2 protein chains.
Amino acid sequence: MSLVDDLDFGKDGLLPVAVTDHTSDRLLVLCFLNPAALGKTVETGIVHVFRRSKGVVVAKGISSGHVQKVREIRVNCDLNSLEVRVDQEVAACAHGYYSCYYRKWNSDDNRWDEIDARVFDPEEVYN
Amino acid sequence: MSLVDDLDFGKDGLLPVAVTDHTSDRLLVLCFLNPAALGKTVETGIVHVFRRSKGVVVAKGISSGHVQKVREIRVNCDLNSLEVRVDQEVAACAHGYYSCYYRKWNSDDNRWDEIDARVFDPEEVYN
């Protein structure tokens, strides 16, 4: 049995994956992996995703160098989603934050409030 | 603006939601919420899900009493997924574990190894 063969990818062929920080447990990003992307993730030890627009499997964060090194892979009870625990280079979010979940709902003012500071400037990194 | 109106529920009308422990940051479960379930979650402060088989919105864990009390709601950069941070009653997984992610991949032996102890016996709770 291989890890990829053991999972239920669902009707659309995509598996929901929560990427978390192996040291802090913090949620970094949610993404959807096809079997090829998961296979490449396991093989290389770097999180890979499937870019639908280009039809290719690429390492997440490869253009910025902000890759995610796999430390541990956990599975849920129904074998239809994963928690991939990583060491994150620099930051996970292309908007410059460590986690994509850098805003929380403020129900007094009905708006999202930023709770994290920016780690990098996206204009400098991506231009 | 309301929280529900501000989100992109995608083509299938479902939003991926990672439920995490507000104290420890640990990932508990991934689920998919429609606007009605998210509205009820915000209104009551208890995580609600949409049961497709029955076509109803119900509080997650209501049959066992293992409900999830919302402490904070965070959104990702693309406004198309949430991290709902909760206080978990007893345990999140119907198999008896605190988190649904209670097994990790063992690449030496090609199998899933349990990393958590059971918190409750499902046969006692659900029968």
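The values are calculated or read from the model by the stated rules, or taken from the named source; none is laboratory data. A quick note: this is a predicted structure, and the numbers were derived from the prediction, not measured. Cβ atoms come from the backbone with ideal geometry, glycine included; neighbour counts cover every protein chain shown.
Being part of a loop (DSSP other than H, G, I, E, B) and of a type outside the set (Gly, Ala, Ser) is the filter; apply it to the stretch A:88-98 and report the residue that is nearest to residue A:3 (Cα to Cα).
Let us first name the residues in the stretch A:88-98 that are part of a loop (DSSP other than H, G, I, E, B), namely A:89-98.
If we keep only those that are of a type outside the set (Gly, Ala, Ser) as well, we get A:89-90, A:93, A:95, A:97-98.
Values: A:89: 25, A:90: 28, A:93: 27, A:95: 32, A:97: 31, A:98: 28 Å.
Selected residue: A:89.
Restricting to the stretch A:99-127, name every residue that is of a type outside the set (S, T, N, Q), assigned to a loop (DSSP other than H, G, I, E, B) and over 21 Å from residue A:33 (Cα atoms). Listed by number, the residues that qualify are A:102, A:108, A:109, A:115, A:116, A:117, A:118, A:119, A:120, A:121.
In the stretch B:41-67, what count of residues is obtained for those that are part of a strand (DSSP E or B), closer than 17 Å to residue B:91 by Cα and at pLDDT below 95?
Going residue by residue through the stretch B:41-67, those that are part of a strand (DSSP E or B) are B:46, B:48-51, B:56-59.
Within this subset, residues satisfying the condition of being closer than 17 Å to residue B:91 by Cα are B:46, B:48-49, B:59.
Pick out the ones that are also at pLDDT below 95 and you get B:49.
Matching residues across the stretch B:41-67 total 1.
Evaluation of residue B:51 against the conditions (1) exposed (fewer than 14 other Cβ atoms within 10 Å of the Cβ); (2) under 14 Å from the mean Cα position of the chain (by Cα); (3) of a type outside the set (A, V, I, L, M, F, W, C); (4) within 22 Å of residue B:23 (Cβ to Cβ) shows that the sole unmet condition is (4). Within the stretch A:68-87, if we keep just the residues that are assigned to a strand (DSSP E or B) and among the acidic types (Asp, Glu), the residue that is farthest from the other protein chains (Cβ to nearest Cβ) turns out to be A:87. Within the stretch B:88-97, none of the residues are more than 9 Å from chain A (Cβ to nearest Cβ), in contact (Cβ under 8 Å) with a residue 40 or more places away in the chain, surrounded by fewer than 19 Cβ atoms within 10 Å (Cβ to Cβ) and within 28 Å of residue A:115 (Cβ to Cβ). Given the structure, is residue B:83 at pLDDT 95 or above and either among the hydroxyl-bearing types (Ser, Thr, Tyr) or surrounded by fewer than 16 Cβ atoms within 10 Å (Cβ to Cβ) (or both)? Judged against the criteria, residue B:83 is not a match. Can you work out which of the residues in the stretch A:24-67 that are within 23 Å of residue B:28 (Cα to Cα) and of a type in the set (Ser, Thr, Tyr) is farthest from the other protein chains (Cβ to nearest Cβ)? So, considering only residues that are within 23 Å of residue B:28 (Cα to Cα) and of a type in the set (Ser, Thr, Tyr), the one farthest from the other protein chains (Cβ to nearest Cβ) is A:41. Within the stretch B:3-23, the set of residues being assigned to a loop (DSSP other than H, G, I, E, B), touching a residue at least 40 places away in the same chain (Cβ under 8 Å) and facing chain A (nearest Cβ under 10 Å) comprises just one member, B:3. For the stretch B:105-117, taking the residues that are surrounded by fewer than 19 Cβ atoms within 10 Å (Cβ to Cβ) and touching a strand residue (DSSP E or B) at 6+ places or on another chain (Cβ under 6 Å), the one that is nearest to the other protein chains (Cβ to nearest Cβ) is identified as B:112. Does residue A:98 fit the bill of being modelled with pLDDT of 95 or more and over 26 Å from residue A:8 (Cα atoms)? Yes: the conditions hold for residue A:98. Taken together, A:7, A:82 contain a single residue that is under 15 Å from the mean Cα position of the chain (by Cα) and not acidic (Asp, Glu), which is A:82.
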